[in-house]
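Novice: First the structure, which I've put down as structure tokens, then a few questions once you've had a look.
What follows is calculated from the coordinates using simple rules that are stated; it is not laboratory data. Note that the coordinates shown come from a computational prediction; the quantities given were computed from them, not determined experimentally. When we count neighbours, we look across all protein chains shown, and the Cβ atoms used for this are built from the backbone with ideal geometry, even at glycine.
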Amino acid sequence: MDKSAASKRVKQLRDEIRRHNHLYHVEAAPVIGDQQYDELLAELADLERQFPDLLTPDSPTQRVGGEPIAGFVSVEHEAPMLSIDNTYNEADLRAFDARVRKGLGPQAEFSYVVELKIDGVGLSLRYEKGRLVRGVTRGDGRTGDDVTANVRTIGAVPLVLRRPEAKDLPGIPDVLVVRGEVFMKRADFERLNAGRVEAGEEAFANPRNSTAGTLKLLDPRIVATRPLKYFAYSLAVPDHRSGGPASHADALRWFGAMGLPTNRDNAQARDIDAVLAIVARRQEERARLDYAIDGLVIKVNRYAQQAELGATSKAPRWCIAYKYPAEQATTVLESVEFSVGKTGAITPVANLMPVLVAGTTVSRASLHNFDEVARKDVRAGDTVVIEKAGEIIPQVVKVILEKRPADAEAIAPPARCPVCEHDTARDPEGVYWRCLNPACPAQVRERLKYFAGRDQMDIEGLGEALVEQLVGAGLVRGYADLYRLAKDKLVELERMGEKSADNLLAALEDSKTRDLSRVLAAMNIQHVGTHVAEVLADAFGSIDRLAAASAEELEAVHEIGPVVAASVHDFFHSDAGRETVESLKAAGLKMPHAAAATGGPTPLAGKTLVVTGTLERFSRKQIEEKIKSLGGKATGSVSKSTDYLVAGADAGSKLAKARSLGVPVLSEADFLTLIGEP
Ligand SMILES: [Zn+2]
């Protein structure tokens, strides 16, 4: 393909990808599947690689996140992001309405827009000639942090605006500054937290914290993996006198027409009674929304009237926030239990005197970890305030010290495991206390439940209750014991008939065919969840190659950092790890790995390559991706198991080592010939 044809195709692909992105993120009505979308992206990325000067920062390929940055630059907002006055009851809302009527004069006609106040993080976006040039956090309202590199990874934020089709709407302005909220849906937040706990990291307290923490990450590649959403909610500098929208409602419609996502649950109200009706309705619906809100924002609709009302030094006079009372309750913390997870992590859980919060009876609350317990100074017997906010599991917010009984007992980390009485210890750099006994029945149980789970070995019928029965009866201690279960032993278990025993044995047999990445994810290696397992399976292709990999080779894999590399290396070099792998193999697990499903040819399938020196056609990252896309594995150091060394200009010690080990050395041209791209 020549350059002009490529340029045309690149434009076509970008338009097409942007259209699908809009349908997916803004309309919530995708017309193609993920795989087709990924194919379009891959074709575009390929063309941009061949013709690097066609690559622009607003290309959809740039959403995956660039290199980590050293820190954030502070930027002044175009207009201050003022805070909004809060109210908590009907009387305050009516007083606000009276002030608005007084300010506009008795004859004035006006209306309100009522918006959901999403519990997220305020973000200002600047577009120049329709292209996203900057994203800045609210900060202190006058200046915020430039987080553009992270904002680019948010799928719902258009990198290029669409031209509005409706005749009554303005076109794309030279400069557009839009304010909005970045947030996480509850379900996404819970999945993210589950993954963190599984990886031994501390859970986020609520979706707001996880959103704020994510926006401030220095590595946009990690941000790209986080499920951030965005709603635009205001125009920073309305210019209704020179052709901009005349009202807030028009601005929201304009945003939508330009491809910016807006919340469809926003409503207009002709007077304060209509506002109050919406307040009541939303409060009821609140728990059913798939994102957390902490109230509503009520704005005078017309910009001319907003300007007439003006602002105090602190907040605008034309808008107000109505905050719902926090879903809190006061109760007595009767006792604390310690639950032991699959990695031995010991979590304190509060047993509460049952109390009604947000429509459900709550009798247990998470205390997260012992640092939290110490920070809040929670003791058994205390009267505590509990809250259900964005999170589903209620939390202990604070202790009411005046009500503390004299015999309230401090909650200390247990010196011995509450289940197996083995020693415990605190993580060297983490927050958890763990039971150090890998044979701990609680850990065994939790590990087996996880092993059988849907995203791991997916063993149908092997649920929580059955795992407990099997462990309780002494039939199963390790994963491989599952594959030695005999029907005559199974039918002796309570509630286990012939039919269920047969079904279980068939499900176990079926699970022997699970591919490598699932088995890896199921093995309970610290820091190895579903995604990391897939990365490792793709990079090494077989359990034996992975088990033999040095920490250095592991770390050379894209996306694998030193902590994960060390954890994987330690696992495969521990007695328990070796025993796990050998026993699963002996049980008949094949752990096959299908080469990266690109659909294309895989001339490097099963080959391990090392790249050294400076190449002409590829950056280091590009050639490593190329090797991977063709079924090969790119590692960082030369060893006996290296199939080829690709050496560019100025190759040094790796070249010498390859020669000494007799590893074939390829020039860049040889490599291109090998992959059929001379
Ligand atoms: Zn234990």
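Novice: In whole angstrom, how far apart do the alpha carbon centroids of region 660-678 and region 248-293 sit?
Specialist: Distance between centres, Cα-based: 61 Å.
Novice: If each residue of separation counts as 0.36 nm, what is the full-extension length gain between Glu582 and Val385 once their alpha-carbon separation is subtracted? Could the numbers behind the result be given before it?
Specialist: Numbers: separation 197, 0.36 × 197 = 70.92 nm, distance 5.07 nm.
Between Glu582 and Val385, full extension yields 65.9 nm more.
Novice: Same structure again: So if I restrict to the alpha-carbon atoms in region 313-356, what is the Rg, and what is Dmax, the biggest pairwise distance, in Å?
Specialist: 20.0, 55
Novice: Could you list the residues of region 92-119 with an amide nitrogen less than 17 Å from a label point located 7 Å from the Cα of Ala246 in the Cα-to-C-beta direction?
Specialist: Those under the cut-off are 108-113.
Novice: Taking the Cα centre of the chain as the origin and placing charges on Cβ (Lys, Arg +1; Asp, Glu -1), which of Pro173, Ala350, Val491 is farthest toward the positive end of the dipole?
Specialist: The residue sitting most towards the positive pole is Pro173.
Novice: Here's another thing I want to ask about it. Given region 3-64 reduced to its alpha-carbon atoms as identical point scatterers, what log10 I(q)/I(0) does the Debye formula return at q = 0.14, 0.20, 0.27 Å⁻¹?
Specialist: -0.38, -0.73, -1.17
Novice: Taking R0 as 35 Å, what FRET efficiency do you get between Glu492 and Glu464 from their Cβ-Cβ distance, rounded to the nearest 0.05? Mind showing how you got there, number by number?
Specialist: On the way: r = 20 Å, r/R0 = 0.57.
After rounding, the FRET efficiency stands at 0.95.
Novice: With only alpha-carbon atoms counted, please give the Rg and Dmax of region 5-121, in Å.
Specialist: Just the Cα atoms of region 5-121 yield Rg and Dmax of 23.7, 67 Å.
Novice: Counting pairwise Cα distances across region 298-451, what percent come out greater than 23 angstrom?
Specialist: Values: 6290 of 11781 pairs.
It works out to 53 percent of all Cα pairs.
Novice: Hey, fewest Cβ within 10 Å first, where do Arg379, Arg221 land in order?
Specialist: On the way: Arg379 19, Arg221 16.
With the fewest neighbours first, Arg379, Arg221 line up as Arg221, Arg379.
Novice: Inverting the mean 1/r over all pairs of different Cα atoms, compute the Kirkwood radius of region 86-323 and quote it in Å. Let's see the in-between values first.
Specialist: Working: mean 1/r = 0.0526 Å⁻¹.
Over region 86-323, the inverse of the mean reciprocal pair distance is 19.0 Å.
Novice: Right, something else. Going by a ≥ b ≥ c, the root eigenvalues of the Cα gyration tensor, does region 530-594 fall in the rounded group (a/c under 1.5), the prolate group (a/b larger than b/c) or the oblate group?
Specialist: Details: a/c = 2.22, a/b = 1.35, b/c = 1.64.
In terms of gyration-tensor shape, oblate.
Novice: Using only alpha carbons, build the gyration tensor for region 328-410 and give me the equivalent ellipsoid semi-axes, biggest first, whole Å. Walk me through the intermediate numbers first.
Specialist: On the way: eigenvalues 69, 59, 23 Å².
In descending order the semi-axes read 19, 17, 11 Å.
Novice: What is the distance in Å between the Cα centroid of region 369-430 and that of region 78-98?
Specialist: Comparing the Cα centres of region 369-430 and region 78-98, I get a distance of 38 Å.
Novice: What is the dipole size for region 1-74, taken about its Cα centre, with +1 at each Lys and Arg Cβ and -1 at each Asp and Glu Cβ, in debye to the nearest 20? Each step should come with its number before you reach the end.
Specialist: Details: 9 positive and 13 negative charges, 48 e Å.
Computed charge dipole of region 1-74: roughly 240 debye.
Novice: Can you find, among Leu125, Ala91, Thr148, the residue farthest towards the positive end of the dipole of region 28-178? Put +1 on the C-beta of Lys and Arg, -1 on that of Asp and Glu.
Specialist: The listed residue farthest towards the positive side: Ala91.
Novice: Show me, bin by bin at 5 Å from 0, the whole-percent P(r) of region 608-674 based on Cα pairs.
Specialist: It works out to 4, 19, 33, 29, 13, 2, in whole percents.
Novice: For the cross-link pairs Lys585/Lys628; Lys489/Lys585; Lys216/Lys449, which exceed 29 Å when the distance is taken from alpha carbon to alpha carbon? Spell out each step's value before the answer.
Specialist: On the way: Lys585/Lys628 26 Å; Lys489/Lys585 23 Å; Lys216/Lys449 35 Å.
In this structure, Lys216/Lys449 exceed 29 Å between Cα atoms.
Novice: Another question about this same structure. Set the Förster distance to 45 Å, then compute FRET efficiency between Gln35 and Glu90 from the Cβ-Cβ distance, nearest 0.05. Don't skip to the answer; put the middle values down first.
Specialist: On the way: r = 52 Å, r/R0 = 1.16.
Working from the Cβ atoms, E equals 0.30.
Novice: Can you give the FRET efficiency for Arg101 and Arg281, using 1/(1 + (r/R0)^6), R0 = 25 Å, r = Cβ-Cβ distance, to the nearest 0.05? Walk me through the intermediate numbers first.
Specialist: Values: r = 24 Å, r/R0 = 0.95.
With R0 = 25 Å, the Cβ-Cβ based efficiency is 0.55.
Novice: Another question, if that's okay. Mind pulling the per residue volume of the convex hull built on the Cα atoms of region 86-198? Å³ is fine. Let's see the in-between values first.
Specialist: On the way: hull volume 22.9 nm³, N = 113.
It comes to 203 Å³ per residue, whole-number rounded.
Novice: Same structure again: Taking 32 Å as the cut-off for C-alpha to C-alpha distance, list the pairs among Lys102/Lys388; Lys8/Lys129; Lys342/Lys487; Lys512/Lys607; Lys342/Lys654 that go past it. Each step should come with its number before you reach the end.
Specialist: Values: Lys102/Lys388 39 Å; Lys8/Lys129 21 Å; Lys342/Lys487 27 Å; Lys512/Lys607 26 Å; Lys342/Lys654 41 Å.
As for pairs spanning more than 32 Å Cα to Cα, those are Lys102/Lys388; Lys342/Lys654.
Novice: Per residue, what volume in Å³ does the convex hull of the Cα atoms of the chain enclose? Can you show the working numbers first?
Specialist: Numbers: hull volume 135.1 nm³, N = 678.
So the per-residue Cα hull volume is 199 Å³.
Novice: Next up: Simple spin-label model, 7 Å along Cα-to-Cβ: Asp2 to Ala439 in nm?
Specialist: Output for this residue pair reads 7.5 nm.
Novice: Another question about this same structure. Given the -39500 (n - 2.57) contribution per DSSP H run of 4+ residues, what per-residue ellipticity at 222 nm results for the chain, rounded to the nearest 500 deg cm²/dmol?
Specialist: Values: 25 runs with 244 residues, N = 678.
About -10500 deg cm²/dmol.
Novice: Rounded to the nearest whole Å³, what is the per residue volume of the convex hull around the Cα atoms of region 283-358?
Specialist: Numbers: hull volume 15.3 nm³, N = 76.
Cα convex hull per residue, to the nearest whole number: 201 Å³.
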